[in-house]
Amino acid sequence: MSSPELEALLNVQGHDTRLDQLRHQLDTLAERTARDEVRALVAQVDVQIEATASQRDEIARRQNRIDDEVESLKAKRDGFDKKLYSGEVSNPRELQDLQEEIDSLGRRITKLEDDELEVMAEAEPVDERLLSLKDALAQRQQELASAENLLTAAEAEIAVQIDAESELRQACAEPVSAGVLDEYEKLRAGLGGVGVSKLIGTQCGGCHLTLSAMDVARIKKLPDGEFDHCEECGRILVP
Ligand SMILES: [Zn+2]
C-alpha cells in the first residue's frame, strides 16, 4: 500500500493535468481566433476609409482653391464694372479697355466654374464609396461586438471550471508536505506537466519503463513517507 500522502499527490497531479488542459483550452479558444479575424477586417475597412477620406479631402482642397480664385476674379470684375459705370472714365479708348478687361475676367470665371463642376463630379463616386465603406464598417463593428461577446462567454465558462478545479486541487494538496509538493512541481515543470506517476504492474505509468522485479519489490516496501523515482524519467513513483 502506498502512503496517503502519495495517493493525495496523485490526485493533485490529476487536477493539475486537468488545469493544464483548461488553460490550454483558454489559450486556444476558437472564439478568440474568430474575434481576431473580425478585428482584422474592421482594421482593413478603417484603412480603406482613411485612404478614401484623404482622397476626398484632396478633391475638396482643389474645389476650394478654384472657389477662392473665382471669388477674387469676381471682386476684380466688380471693381472694373463700378469704374465703367461711375462716370469717372470718359475716354472711349479707356472705356473699351475696361470692357475688354471685364469680358476677359468673365471668360476666366466661366472656365473656372466649368473646372469646378468637373471636380465636383469627381467627388461623387468618392462620396458614394465613403458611404458604403462606412456602412461596411458599422456592420463589421457589429460582428466584432458579437464575436467579443462569444469570446467573453467562452472565457468565463472555462474560468469557472478552472476555479472549481483549483479548489479541488488545493484540497487534495493539503495532506502533501511542502517539500514533496515542491519536488513534484520541479519535476512537473521539466517533464511536460507530469511529476508523479503510478506504478502499473511493473511499469512506470509516466514513461512505461518496465522495472525489474527487485526494484518493484523495493519500491513497494518503502516505509511511509519515503518514495523513489523512476530510473528512466525521474518521476516520483507511487506503488
Ligand atoms: Zn518513468
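Listing for the model above:
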quantity: Sole residue being modelled with pLDDT under 95, crowded, with 16+ Cβ neighbours inside 10 Å and aliphatic (A, V, I, L, M), chosen from LEU10, LEU6, LEU22, LEU26; calculated: LEU6
quantity: Number of the condition not met by CYS204 [criteria: (1) within 16 Å of the ligand (Cβ to nearest atom); (2) at positive phi]; calculated: (2)
quantity: Any chance ILE219 is in contact with a Phe, Trp or Tyr (Cβ under 9 Å, 6 or more places away or on another chain) and either under 16 Å from CYS230 (Cα atoms) or within 16 Å of the ligand (Cβ to nearest atom) (or both); calculated: yes
quantity: Subset of segment 58-97 (residues that are aliphatic (A, V, I, L, M), in a helix (DSSP H, G or I) and modelled with pLDDT under 95); calculated: LEU84, LEU95
quantity: Selection within segment 167-190 - more than 17 Å from ARG18 (Cβ to Cβ), within 16 Å of the ligand (Cβ to nearest atom) and crowded, with 17+ Cβ neighbours inside 10 Å; calculated: GLU183, LEU187
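Residue-by-condition table, conditions (1) in the same structural domain as LEU26 (by TED's automatic domain parsing); (2) exposed (fewer than 12 other Cβ atoms within 10 Å of the Cβ); (3) more than 49 Å from the chain's Cα centre (by Cα):
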residue	(1), (2), (3)
ASP81	yes, no, yes
VAL89	yes, no, yes
GLY106	yes, no, yes
GLU116	yes, no, no
VAL126	yes, no, no
LEU144	yes, no, no
VAL160	yes, yes, no
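The values are calculated or read from the model by the stated rules, or taken from the named source; none is laboratory data. Given the structure is predicted, the values throughout are model-derived calculations rather than measurements. Please note: Cβ atoms are built from the backbone with ideal geometry, for glycine as well, and neighbour counts cover all protein chains shown.
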